[in-house]
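Bear in mind these aren't lab numbers, they're just calculated from the coordinates by the rules spelled out. Not measured: the values here are computed from a predicted model. Here Cβ is always computed from backbone atoms with ideal geometry, including for glycine, and neighbour counts include all displayed protein chains.
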Amino acid sequence: MLRTIWTRVKSFVTLRSLQTRIFLLILVVGILPCILARVAILNNYEERAVEQRSATVSNQLMIVGNHLLTNNYFIDNGNISAVSKVAINAELEMISNLYAGRVMIINRGLKVMKDTYGISEGKTIISEEVIRCFQGSNSTRYDRENGFIELTTPVVSTGADGKSTVIAVMLTSISNDNIVSTMEALQRKAQVLENLIILCILVLAIVLSEILVRPFNQVSNAIMNVGTLENYEPISVPDYVETVHIVDAFNRILKRMKRLDDSRQEFVANVSHELKTPMTSVKVLADSLLAQPDAPAELYREFMEDIVSEIDRENRIITDLLALVRLDKKANGLNISVVNINELTELILKRLRPIARKKDVEVVFESMRQVVAEVDEVKLTLVLTNLVENAIKYNKDHGSVRVELDADHQFFTVKVSDSGLGIPEEAMPHIYERFYRVDKSHSREIGGTGLGLAITKGAVLAHKGSISLTSEEGVGSCFSVKIPLNYIPDTTSAGASDGTGKVEE
Ligand code: ADP
């Protein structure tokens with residue numbers, strides 16, 4: 001339990017869990033836009049509020065500017081009638097109070113004619129904004145840090161010739177307190193809303209990440225609960241396409257493992273049986289000798305010969321088994337050398353001719369061309385010997401065996417055809433299986449172990465070659481072996497083996 005929790009915590013921290021990634025993804029995708037929207041809305045509001053406030057103040061200042069013009073405020077250099085002055089001052093004070101700011105009227109000589117704060121009157125102001133305003137471009141500057149909006153408003157006089165001249169500039173700074181307090185209220189509301197949304201997204205992320213990952217957890221639980229190979233049930237989690245694929249792949253592996261396990265068991269049973277048979281015969285022969293203390297020497301001799309032949313048979317089975325096991329150990333690889341296939345075939349046929357002669361079987365070798373190939377000489381010898389030996393063994397008396405050798409630019413082909421018993425069609429798919437014999441008693445009689453073709457096929461496949469068979473019962477068989485002239489090295493690592501020497505097709 002603790003271990004499971006620790007594993008989950010570890011995978012969460014290291015982001016190795018799909019659930020963690022989905023959780024974080026939903027969280028980021030949900031929360032980020034929410035925060036961005038809040039910031040954007042508030043910023044936009046501030047911008048618009050500043051714009052609106054500036055426009056309102058600017059309009060009012062323009063009205064005041066017109067009043068100043070009509071009252072000849074600038075012509076008389078501020079010496080207007082006391083009544084007008086009070087009225088204009090009242091207007092300026094009102095603006096200044098209304099917007100918690102300061103208004104200064106600056107003439108073309110950059111001299112402050114009026115300051116609602118009353119501290120800069122008569123002083124000269126050199127400000128970029130003011131100069132630019134005299135040149136015709138108004139400006140609005142928002143200083144968020146110090147909390148004010150500064151704007152310049154021109155007082156424009158139109159002469160008799162219709163020409164407009166900026167005769168003064170009103171430099172106004174107004175507080176942004178109002179905007180800030182509205183912003184703060186908005187911010188508080190937005191924050192509460194945002195917190196609520198984040199909470200919802202958090203819950204959604206937890207629930208969704210759990211739901212989305214559930215089929216994968218179901219797959220791993222199903223895999224964990226697979227029983228023994230004997231009574232396994234194919235697992236099924238029909239949710240996502242991905243889980244279906246994983247489950248399918250797992251079921252295929254399981255099926256293959258079951259096949260391998262079955263074949264291993266069958267192999268062990270076959271080996272035990274095959275090895276036991278000669279031993280049983282030896283025991284029966286020895287027991288019957290022991291049961292007859294006065295048995296004649298001839299009988300002893302006869303029984304001993306039988307015992308020796310049974311031991312030879314046992315020996316043959318063990319040798320074949322060892323050859324199979326060695327073939328299966330791909331890690332050992334092949335001992336590749338350049339071999340003259342014509343000479344090798346001749347040599348093999350020379351060795352087998354005495355057996356053929358015993359059955360009066362004619363062995364013919366027909367070579368279309370000289371063939372030199374990169375092969376494992378010992379293993380290819382096994383292949384050819386097994387095929388020609390079978391062609392002789394399972395032949396009729398006075399029959400014939402024909403060995404044909406040919407090659408193209410890529411492969412060489414050896415065809416071993418005989419005029420023998422042939423192989424029934426239903427037996428053909430099993431012919432390369434270990435210990436498979438068409439006629440068990442006949443094969444045993446003639447010294448077969450049922451391993452020859454399994455060894456042959458294993459050796460051919462190790463050379464990246466192929467073997468095929470055509471046969472007609474009572475007419476004869478033809479085994480054809482095709483092997484690349486140049487050895488193709490194994491690029492993959494050692495293939496899966498069931499450890500029993502079975503050659504996977
Ligand atoms: P064995 O050692 O019994 O010969 P093999 O694996 O070489 O084992 O052959 C398997 C079986 O295939 C043999 O028992 C035999 O029945 C059949 N067989 C193989 N080659 C031939 C052939 N040329 N003609 C007829 N039957 C054959």
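Quick notes on this structure:
- Placing pseudo-labels 7 Å out from each Cα toward the beta carbon at VAL207 and LEU290 gives an inter-label distance of 8.3 nm.
- Computed over the chain, the per-residue total of -39500 (n - 2.57) for DSSP H runs of n ≥ 4 gives a 222 nm mean residue ellipticity of -19000 deg cm²/dmol, rounded to 500.
- Residue-count net charge about THR413 - beta-carbon cut-off 10 Å; Lys, Arg +1, Asp, Glu -1: -1
- Reducing the range 271-317 and the range 56-76 to their Cα centroids gives an inter-centroid distance of 137 Å.
- Net charge of Cβ neighbours under 15 Å - reference SER127; Lys, Arg +1; Asp, Glu -1: +1
- Rounded to the nearest 20 debye, the dipole size of the chain about its Cα centre is 1840 debye, using +1 on the Cβ of Lys and Arg and -1 on the Cβ of Asp and Glu.
- Each residue of the range 478-486 was assigned a 3J(HN,Hα) from its phi angle through the Karplus curve 6.51 cos²θ - 1.76 cosθ + 1.60 (θ = phi - 60°); the sequence is 9, 9, 10, 10, 10, 10, x, 5, 10 Hz, with glycine and proline shown as x.
- Backbone geometry of the range 440-449 corresponds, through the Karplus equation with coefficients 6.51, -1.76 and 1.60 at θ = phi - 60°, to 3J(HN,Hα) couplings of 4, 5, 5, 4, 5, 4, 8, x, x, 9 Hz, x marking Gly and Pro.
- Taking Cα atoms only, the orientation of helix 452-462 departs from the longest principal axis of the chain by about 30 degrees.
- Where labels lie 7 Å past Cα in the beta-carbon direction, separation of PHE12 and ASN97 in nm: 6.2 nm
- Integer Hz, Karplus 6.51/-1.76/1.60 couplings in order for the range 366-371, x for Gly and Pro: 10, 10, 7, 7, 7, 10
- With respect to the chain, whose longest principal axis is taken over its alpha-carbon atoms, helix 82-98 is tilted by about 20°.
- Three-way shape label, the range 343-501, alpha-carbon gyration tensor, a/c 1.5: oblate
- Using only side-chain charges placed at the Cβ, +1 for Lys and Arg and -1 for Asp and Glu, the dipole size of the range 353-471 relative to its Cα centre rounds to 340 debye.
- Long-range amide H partners of LEU485 with built H, under 5 Å: PHE411, PHE412
- By the count of other C-beta atoms within 10 Å, a proxy for reagent exposure, ARG16, ARG21, ARG434 are ordered fewest to most as ARG16, ARG21, ARG434.
- Gain on full extension, evaluated as 0.36 nm per residue between LYS358 and ASN66 minus their Cα-Cα distance, stands at 91.3 nm.
- Shape box of the range 31-183 [Cα atoms, principal axes, largest first, Å]: 64, 31, 25
- Percent of beta bridges antiparallel (DSSP, the chain, rounded to nearest 5): 90 percent
- Pairs of Cα atoms farther than 22 Å apart, the range 241-321, %: 53 percent
- In plain terms, the chain from SER367 to GLU473 could stretch by 35.5 nm, reckoned as 0.36 nm per residue minus the Cα-Cα distance.
- Modelled FRET efficiency - R0 51 Å, THR277 with ARG3, Cβ distances, 0.05 increments: 0.45
- Label-point separation in nm, SER441 to GLN218, each point 7 Å along Cα→Cβ: 5.8 nm
- Fully extended contour minus Cα-Cα distance, from GLU47 to ASP312, at 0.36 nm per residue: 85.0 nm
- Kirkwood estimate for the range 26-70, i.e. one over the average of 1/r between Cα atoms, Å: 13.2 Å
- Cβ-to-Cβ counts within 10 Å put CYS34, CYS133 in ascending order as CYS34, CYS133, the fewest first.
- If you take the Cα centroid of the range 402-447 and the Cα centroid of the range 159-199, the two points sit 99 Å apart.
- D by Stokes-Einstein for the chain, Kirkwood Rh over Cα pairs, 25 °C, 0.890 mPa s: 72 µm²/s.
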